[in-house]
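Below is one structure, written out as C-alpha cells, with a few remarks after it.
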Amino acid sequence: MHVDRLYYFEQDREGRLANWSGCGNDLRARAAMSRRLIIDSLVHLIEVYGVDGFRFDLGELIGVEVLREIEVALKRVKPDVVLIAEPWSFRGRIVRELQTTGFASWNDAYRDFLKEYVRGGGTCAQYEHFVKGSPGAFAAWPAQTVNYTESHDDKTWIDTITENADGNGQQPTLNDCRRTHLMCAILMASIGVPMLAAGQDFMRSKKGVGNTFQRGDLNALDYRRMYRFPGTHAYFADWIAFRRSERGRFFRQFSRPGEGFFQFFSAADSTAVATIYNADQSQGSLRLLFAVNPTLQDVEIPLAGLARAGWQQLADHDRFFRTGDHEPARSVEETVFVPAVGCGLWMAK
C-alpha cells in the first residue's frame, strides 16, 4: 500500500516534507480526503464508543477552517461534545482565531505565569487577569481557557519550581511543597477549566529530565509518593471537592460575570493578593474571600472595611478545616493576615 505524498503531506516548494510538529511528515489536513478521514474517525468514536470529546494536539497544524468543520460535524452527532485545542505549533498560534468557535484552548501563558508567581515573580495585575479567566485576547467565554501548570510534555511541575540546584524535585523542599499547595489553590480558584497532570497531587518528579521520550522508568507513575506526601494528595482532593460543591460555584462561571463580581486587594510592595468573589452579591448573598501570598515575608492585606462581613475560614495552605478541628482558624479584621508562601479561603453570608 502506498500513500500519496503530494496529496497527504505538507511540503515546501522543493518537495521537502514540512516538520512544524517536530515529529516530521505534517499531515495536509486541508485536503478533502484528509478532512473526511479525520471527521469520519471522530464521529465513529462518538457513535460506537461514546467518547465525550477530543483534544487536538498541535491544533495550529490542523488549521482553523478544518477545526470549524470538525465542530459543525461533531455537534450534529453530539451537541455537547467537548472540544479542546493545543492552539499552537512551531509555525504559529491560532488562539485569537479560535475565540469565535466552540473550542477551548490550553493556556500556556497561565502555565508560565503561575510557575513564576508562586516563586515571587509576576505582578498583581497579571494575577487578576488569569484568576478572572484570561478575558480579552485569549478567552471569549470562561470555559474557553484550560488552565494548567503541567502536561505530558517537558519537565514536571515539581522539577520546574524546585529549589534544588539540579532541578530534581524527587526530594522536594518545604517551600516546594508549599508552592505546590499555592498552585493547586490558585488553579482551583481561577475562572476557566482546571487541568491537572497525573501525579501532580503527589508531586510527581521525572528527576529533572525534560524530554523523557522512551523513558519508561521516568514516565511511570510512582504511586508510593502518595504515601510520602499524603497531606498534598488530600489538599488537592479537598480543593477539587470544594470547587465542585455548591459553595464553589463562583469558580465555575458559564458566562462572564459583571465588573462588580470581583474585588481585588493587594499589599503594598508585594505580589500578595486578596480576592472577593461575588462582591456585588449579584449571584446570591454568599461571598468567598481567597487570599494568597507567594512571597517569603508575612503580609497583611487591607480589606477597606469589609472585615465586618463575618468571614468564616474554610481552608489555609495546608488543609481544609472541618467541624471539631482544634486549630483556630484565622479571623479577618481590618486586614487579612497571610503568612509567607501561604493562602486562605473564607466565606461570608
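The values are calculated or read from the model by the stated rules, or taken from the named source; none is laboratory data. Source: prediction; values computed, not measured. Positions of Cβ are backbone-derived with ideal geometry, glycine not excepted, and every protein chain shown enters the neighbour counts. Side chains are part of the model used for accessible areas, which takes the heavy atoms of the whole protein and leaves out ligands, DNA and RNA. Shrake-Rupley method; radii C 1.70, N 1.55, O 1.52, S 1.80 Å.
Any residue at all in the range 279-299 that is among the hydrophobic types (A, V, I, L, M, F, W, C) and either modelled with pLDDT under 95 or open to solvent by 40 Å² or more (accessible area, probe 1.4 Å) (or both)?
Yes, the range 279-299 contains a residue that is among the hydrophobic types (A, V, I, L, M, F, W, C) and either modelled with pLDDT under 95 or open to solvent by 40 Å² or more (accessible area, probe 1.4 Å) (or both).
For Gln171, which of the numbered conditions (1) touching a residue at least 24 places away in the same chain (Cβ under 8 Å); (2) among the polar types (S, T, N, Q); (3) open to solvent by 10 Å² or more (accessible area, probe 1.4 Å); (4) more than 28 Å from Ile276 (Cβ to Cβ) fails to hold? If we test Gln171 against (1) touching a residue at least 24 places away in the same chain (Cβ under 8 Å); (2) among the polar types (S, T, N, Q); (3) open to solvent by 10 Å² or more (accessible area, probe 1.4 Å); (4) more than 28 Å from Ile276 (Cβ to Cβ), just (1) comes out false.
A quick yes/no check of all residues on (1) on the phi > 0 side of the Ramachandran plot; (2) open to solvent by 80 Å² or more (accessible area, probe 1.4 Å); (3) in contact with a Gly (Cβ under 6 Å, 6 or more places away or on another chain); (4) of a type in the set (Val, Ile, Thr):
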{"residue": "Ile39", "(1), (2), (3), (4)": "no, no, no, yes"}
{"residue": "Ala73", "(1), (2), (3), (4)": "no, no, no, no"}
{"residue": "Ala85", "(1), (2), (3), (4)": "no, no, yes, no"}
{"residue": "Arg96", "(1), (2), (3), (4)": "no, yes, no, no"}
{"residue": "Phe113", "(1), (2), (3), (4)": "no, no, yes, no"}
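Evaluate the following for Val292: is it under 21 Å from Ser190 (Cα atoms) and touching a Cys at 6+ places or on another chain (Cβ under 8 Å)? Judged against the criteria, Val292 is a match. For the range 301-336, filtered to residues that are farther than 20 Å from Thr232 by Cα and touching a helix residue (DSSP H, G or I) at 6+ places or on another chain (Cβ under 7 Å), the residue that is modelled with the highest pLDDT is Glu334.
Within the range 205-252, if we keep just the residues that are among the hydrophobic types (A, V, I, L, M, F, W, C) and in contact with a strand residue (DSSP E or B) (Cβ under 9 Å, 6 or more places away or on another chain), the residue that is surrounded by the fewest Cβ atoms within 10 Å (Cβ to Cβ) turns out to be Ala241.
In summary, helices (runs of 4 or more DSSP H) completely within the range 1-75 and bearing 1 or more residues that are polar (S, T, N, Q) occur at 32-49. Of the residues examined, Glu150 is one that is modelled with pLDDT of 95 or more, in contact with a Phe, Trp or Tyr (Cβ under 6 Å, 6 or more places away or on another chain) and either on the phi > 0 side of the Ramachandran plot or in a loop (DSSP other than H, G, I, E, B) (or both). Among the helices (runs of 4 or more DSSP H) confined to the range 85-137, the ones with at least 3 residues that are closer than 30 Å to Glu163 by Cα and of a type in the set (A, V, I, L, M, F, W, C) are located at 108-117, 124-131.
Conditions tested, residue by residue: (1) modelled with pLDDT of 95 or more; (2) in contact with a Lys or Arg (Cβ under 6 Å, 6 or more places away or on another chain); (3) farther than 18 Å from Leu58 by Cα.
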residue: Leu83; (1), (2), (3): yes, no, no
residue: Arg93; (1), (2), (3): yes, no, no
residue: Gln99; (1), (2), (3): yes, no, no
residue: Phe103; (1), (2), (3): yes, no, no
residue: Lys115; (1), (2), (3): yes, no, yes
residue: Val118; (1), (2), (3): yes, yes, yes
residue: Gly122; (1), (2), (3): yes, no, yes
residue: Gln126; (1), (2), (3): yes, no, yes
residue: Val131; (1), (2), (3): yes, no, yes
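Which residues, taken from the range 101-128, are of a type in the set (D, E, K, R) and closer than 30 Å to Glu65 by Cα? Result: Asp108, Arg111, Asp112.
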